[in-house]
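To start, the structure under review is shown below, and the notes come after it.
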Number of protein chains: 2
Amino acid sequence: MRLFDFNRAPNPRRVRMFIAEKRLDIPLVPVNLYRHEQLSPEFLAINPAGTLPVLETDEGEYISESLAICSYLEARHPDPPLLGTGASACARVLMWNAICEQDGLAAIAEVLRNVSPGFRDHALPGPLPVAQLPPLVARGQQRAAWFFERIATRLQHHQYLAGDSFSFADLTLLACVDFAAWVQIQPQQAHPPIARWYAEVASRPSARL
Amino acid sequence: MRLFDFNRAPNPRRVRMFIAEKRLDIPLVPVNLYRHEQLSPEFLAINPAGTLPVLETDEGEYISESLAICSYLEARHPDPPLLGTGASACARVLMWNAICEQDGLAAIAEVLRNVSPGFRDHALPGPLPVAQLPPLVARGQQRAAWFFERIATRLQHHQYLAGDSFSFADLTLLACVDFAAWVQIQPQQAHPPIARWYAEVASRPSARL
């Protein structure tokens, strides 16, 4: 098994943290997004979407999409469970993970990809050109602000996002919060419940990755 | 258990189809999106995001996000399996489901929500105003075209999206294809592999829902 990875991007990071929480040792294959290596013919043959991370299994299968990779690893290495134990807990992890992906990571990416010169003509991931749209910067900032308000409300009454147990949803949220800092959004400052949660989760050894 | 539902929207539809494939009998609670009932204080107390579907469990818990709901139902009613059996198959279902959600449903929603007068100031789901951005119409059309090209390539060599077995990923794709027709995108016409797949999947009794 090996993981196609880039150490500066939020999605590969949450999968690397998941691997560290499981105490697995999976070799990393760096794909430098800054040099557009994900758009090389070699990598597009592995993942036509040109996104990271991708897991290559021992059977030579390529799995993209962070949740799919983590589900594969959870099935093979159940302890510690990070995708929930039992129907309710598992549903809560998937629910909050989806919210963090759609309303958190996507909103922050909307800001970054439409404002940063490095993403000119790459406002969406993938090999094909997509022009930046300046109005999406303010829209993404507003979406991110609503997202973090909702998260703060949730964390006011729950230790972790999916309830009492640390899970993959917390890894996705940690990747969100640190990604948000790239575009000068720091929800820990406005929201004490997020600050409380962040202090705990960011101090885990996996968060150093 | 009951499902908060609207019979014209693609996400509630794929969960209704999932329930039908499982031969479950779960009462539906209609929430009329055309009348903005999802933005009522009563519904926002159930799901602050103002999205459908939402499952209310027998324990009174509310689960939003289609995949989370289907994972809950799969854990309680494993047969027939629709989220994959075994680590690899399960990962493939989640991978293709994520691709259909992010690159398919989201792209088509981008077109519809930015072009239709019914979505004025509601270009994104949820209670807060989001203005329409006309350039997102063409962008969404382009994204949808790329998405269906990738799907056609996949279906050229596989009976179903995740491989040999019909799965939740096919339900998400069916919801995508029928949703695309709302904005005059009909991938069955340009892509024979999609036409072959569609003829089979759309003839299942669950597809009538």
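Where a number appears in this text, it was derived from the coordinates with a stated rule and is not lab data. Since the structure is predicted, the reported quantities are computational estimates derived from the model, not experimental observations. A quick note on method: Cβ atoms are made from the backbone with ideal geometry, for glycine too, and the neighbour counts reach across all protein chains shown.
Each part gets one Cα centre, and for the range A:44-110 versus the range A:121-148 those centres are 22 Å apart. Note on the protein assembly as shown: with charges restricted to the Cβ of Lys and Arg (+1) and Asp and Glu (-1), its dipole about the Cα centre is near 760 debye.
Take each residue in A:63-70, count the other chain C-beta atoms within 10 Å of its C-beta, and the mean is 6. By the Kirkwood approach, averaging reciprocal distances over each pair of separate Cα atoms, the range A:2-76 gets a hydrodynamic radius of 12.3 Å. Ordering B:R2, B:R35 by the number of other Cβ atoms within 10 Å of each residue's own Cβ, fewest first, gives B:R35, B:R2. Given label points at 7 Å from Cα along Cα→Cβ, what nm distances, shortest first, separate B:E61 from the same residue in every other copy? Those separations, rounded to one decimal, come out as 2.8 nm. Could you tell me which residue out of A:N47, A:F6, A:I69 lies farthest along the dipole of the range A:2-76 toward its positive end? Charges go on the beta carbon: Lys and Arg +1, Asp and Glu -1, centred on the Cα centre. Final value for the positive-end residue is A:F6.
If you take the square roots of the eigenvalues of the alpha-carbon gyration tensor of the protein assembly as shown and sort them as a ≥ b ≥ c, do you get rounded (a/c under 1.5), prolate (a/b over b/c) or oblate? Verdict is rounded for the protein assembly as shown.
Count, for each residue of B:14-20, the Cβ atoms from other chains sitting within 10 Å of its Cβ, then give me the mean as a whole number. Let's see the in-between values first.
Details: counts 0, 0, 0, 0, 0, 0, 0.
The mean count of partner-chain Cβ atoms within 10 Å per residue comes to 0.
The fewest-to-most ranking of A:V111, B:V93 by surrounding Cβ atoms within 10 Å reads A:V111, B:V93. What separates the B:P27 label point from its copies, with the point 7 Å along Cα to Cβ, is 5.8 nm, written shortest first. Distance from the axis that maps chain A onto chain B is least for the Cβ of the chain A residue given, with the whole Å value, as A:L133, 3. Ordering A:T172, A:T51 from the fewest to the most neighbouring beta carbons within 10 Å gives A:T51, A:T172.
Can you give the FRET efficiency to the nearest 0.05 for A:R2 and B:R8, using r as the Cβ-Cβ distance and R₀ = 51 Å? Approximately 0.70, to the nearest 0.05. Inter-copy label distances at B:T85, using a point 7 Å along Cα-to-Cβ, come to 2.6 nm with the shortest given first. Across peptide A:125-135, the mean count of Cβ atoms from other chains lying within 10 Å of each residue's own Cβ comes to 2. Anisotropy class assigned to chain B is oblate, per the alpha carbon gyration tensor with a/c at or over the 1.5 cut-off and a/b no larger than b/c.
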